[in-house]
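Student: Before we start, here is the structure in question, set down as structure tokens.
Each value in this text was obtained by applying a stated rule to the coordinates, not by laboratory testing. As the structure is a prediction and not an experimental result, all values here were calculated from the model. Cβ placement follows ideal geometry from the backbone for every residue including glycine, while neighbour counts extend to all protein chains displayed.
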Amino acid sequence: MDLLSSLSAQGGQIEQLRTDPRHFDVNGKMGPLATDGTKASFQDAMVTAMEGINADQIKATDLYQRMITDPNSVDAHDVTLAGAQAQMSLNLAKNVIERGVQAYRDIINMR
């Protein structure tokens, strides 16, 4: 995050970064943050979520392997937390996918 210096203040107004969609913009309205013009698609959101789940699984596996090969290099609490986080993220993804499939089936079966 860039901090503003006293040299960037001009005429009583300082340019502020809007980092939360709940903040007001220059026009006094709330809404989505301005981006570089590219819009994220549903596919991008799903790929990003799956990459996060994969990263959790890899981290847990790495910690388990390090615990077995060199027990003094890893804290047992870190291993337990990483395993629980990986399991929870995988279960959450599984439930979201199951709900999505169920919603699709409900829409298809509507008459």
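Student: Under a Cβ-Cβ cut-off of 14 Å, what is the net charge of the residues other than A86 that fall near it, where Lys and Arg count +1 and Asp and Glu count -1?
Tutor: Numbers: positive: K59, K94; negative: E51, D56, D62, D78.
Around A86, the charge tally is -2.
Student: Pulled fully out, how much extra length does the chain show between L92 and A76, if you take 0.36 nm times their separation in residues and subtract their Cα-Cα distance? Walk me through the numbers before you get to the answer.
Tutor: On the way: separation 16, 0.36 × 16 = 5.76 nm, distance 2.42 nm.
Between L92 and A76, full extension yields 3.3 nm more.
Student: So between I58 and R22, what do we pick up on full extension, going 0.36 nm a residue minus the alpha carbon distance? Walk me through the numbers before you get to the answer.
Tutor: Working: separation 36, 0.36 × 36 = 12.96 nm, distance 3.44 nm.
Separation in residues times 0.36 nm, less the Cα-Cα distance, equals 9.5 nm.
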